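Inspection log for the structure reproduced underneath, given as structure tokens.
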Amino acid sequence: MSFKLNMDGDLWEGFCERMLRYEFGWKNFTSVPHYDRGDHGIEFFTNCGVIFQCYYPDPNYSMADYKNHVKKKITTDLGKLKKYELDIQDMLGEVKISTWILLIPFIKSRDLLKFCKIKEKQIPTLSFSSPTGITVKIETDDTFPKGSLFSRTYIGEEINIPIQEIQAESTDVWKENNNYFFDNLCRKTAKITDANLDSVRTELIKKYIQIEDLMDAYRDQFPDLYTEITNIALVNLDELRNQNLFIKEEPRKIMISLLEKNRKTFKEIEKTISGANIELFSSGFIAQWLAQCKMDFILDD
């Protein structure tokens, strides 16, 4: 993602350390003291048998230079495993290494994956090797989504999934394919407002489509955050429904109250979410609920 373009080697290394420490836990993760890392080619290791190295290639490298520098890094650091075998063994203790991973911001070429397999076969048997040998891999922070999300909070990185524009053709298709939902929207919006109904319904359909895409992206990239957001939204809806049992509000006021409550609670989430994403979550959930009969209570007479 874009936040990685503004880093350098030290920032990337610090980011990776926080990410992996969160991912593996302090009992299973060891960071080699900073001033020793370059000597033995090991920056971090885990009790489950993984060695990590970090590398931040210059984003301005040409593809050829990028591949050459990454390959050189892999070759150099794997060579240190044999060169410093005894010292590494003393540092690892009883830990047996099954995987060596180079963490880089982006994997730009499949040639590097092939290169890893070539180098893997060249690693000699080492005193700290697992019985099946050592696998060589390249990974990015996408491999550790929970840890990556945690580490981003330390660099002030807000989470922002781009929101696609919805064309009129898409809303027409949605109406044709979702007759039941569209009927719900028509019925409920007629109770909420009497101004520009066609425009309101079109905007709600756009938000319905957009939030489905946004939720899919969060579910894939930030599953824990996705669960937190959806749970908060459902709690907000349930609180409003319960309140409506005793204090009967006008449908329009209910909508405004829920929209404001969604905005407020999403902003309070520990992880920093972009304003655009918060606004779509706030209004998009309402669009979904109106279409899916979860807000019938606002129409009670």
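The values are calculated or read from the model by the stated rules, or taken from the named source; none is laboratory data. All values derive from a computational prediction rather than experimental measurement. As a convention, Cβ positions derive from the backbone with ideal geometry for all residues, glycine included, and neighbour counts pool all protein chains shown. Heads up: the accessible areas ignore ligands, DNA and RNA and are worked out on the full protein's heavy atoms, side chains in. Shrake-Rupley method; radii C 1.70, N 1.55, O 1.52, S 1.80 Å.
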**Fill in**
Quick calc of log₁₀ I(q)/I(0), region 1-151, Debye, one scatterer on every Cα, no solvent, q values 0.14, 0.16, 0.17, 0.21 1/Å, result -0.66, -0.88, -1.00, -1.51
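Is it possible to state the helix-based mean residue ellipticity at 222 nm for the chain, with each DSSP H run of 4+ residues giving -39500 (n - 2.57), the sum divided by total residues, to the nearest 500 deg cm²/dmol? What is it? Can you show the working numbers first?
Details: 12 runs with 174 residues, N = 301.
-19000 deg cm²/dmol, from helical runs alone.
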**Item:** Cα-based Lys proximity count in region 225-301, under 27 Å, for pairs eight or more positions apart or on separate chains
**Value:** 11
**Complete:** Projected onto the charge dipole of region 1-96 (unit charges on the beta-carbon of Lys, Arg, Asp and Glu, signs +1, +1, -1, -1), the Cα from 12, 69, 84 with the largest positive-side position is that of 69
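So, with a 1.4 angstrom probe, what is the percent of accessible area on the chain that is carbon and sulfur?
Working: 8020 of 15970 Å².
In the chain, the share of accessible area belonging to carbon and sulfur is 50 percent.
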**Request:** Taking a cut-off of 25 Å between Cα atoms, list the lysines near residue 121, but don't count ones fewer than 8 places away on the same chain.
**Result:** 67, 71, 72, 73, 80, 82, 83, 96, 108, 137
**Request:** Among [x] 25.9, 81; [y] 28.5, 106; [z] 37.8, 122, find the value of Rg and Dmax of the Cα atoms in Å that was calculated from the structure presented, and write down its label.
**Result:** [x]
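Translational diffusion coefficient of region 90-237 at 37 °C, 0.692 mPa s, Stokes-Einstein with Kirkwood Rh over Cα pairs, in µm²/s as a whole number.
Details: Rh = 20.4 Å.
Reported coefficient: 161 µm²/s.
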**Asked** Which of the peptides 231-237, 41-47 is most tightly packed, and how do the rest follow, judged by the mean count of other Cβ atoms within 10 Å per residue?
**Response** 41-47, 231-237
**Item:** Euclidean distance between Cα centres, region 181-210 to region 249-278, Å
**Value:** 19
**Request:** Name the longest site-free stretch of the chain, where the excluded sites are trypsin sites (Lys or Arg not before Pro) in a DSSP loop with no more than 14 other beta-carbon atoms within 10 Å.
**Result:** 111-247
**Item:** Cα pair distances in region 224-301, grouped into 10 Å bins until the bin that holds the longest one, percent each
**Value:** 18, 54, 23, 5, 0
**Prompt:** Rounded to the nearest 5, what % of the DSSP beta bridges within the chain are antiparallel ones?
**Reply:** 30
**Among 136, 160, 182 the positive-end extreme of the charge dipole of region 114-188 (Cβ point charges)** = 136
**Message:** Treating only the Cα positions of region 167-301 as identical point scatterers, give the base-10 log of I(q)/I(0) from the Debye formula at each q in 0.10, 0.20, 0.21 Å⁻¹.
**Reply:** -0.33, -1.25, -1.34
**Item:** Test item: Cα-centred dipole of the chain, Lys/Arg +1 and Asp/Glu -1 on Cβ, debye
**Value:** 720
**Asked** Considering the dipole of region 232-275 built from charges on the beta carbon (Lys and Arg +1, Asp and Glu -1) around the Cα centre, which of 232, 246, 274 is farthest to its positive end?
**Response** 274
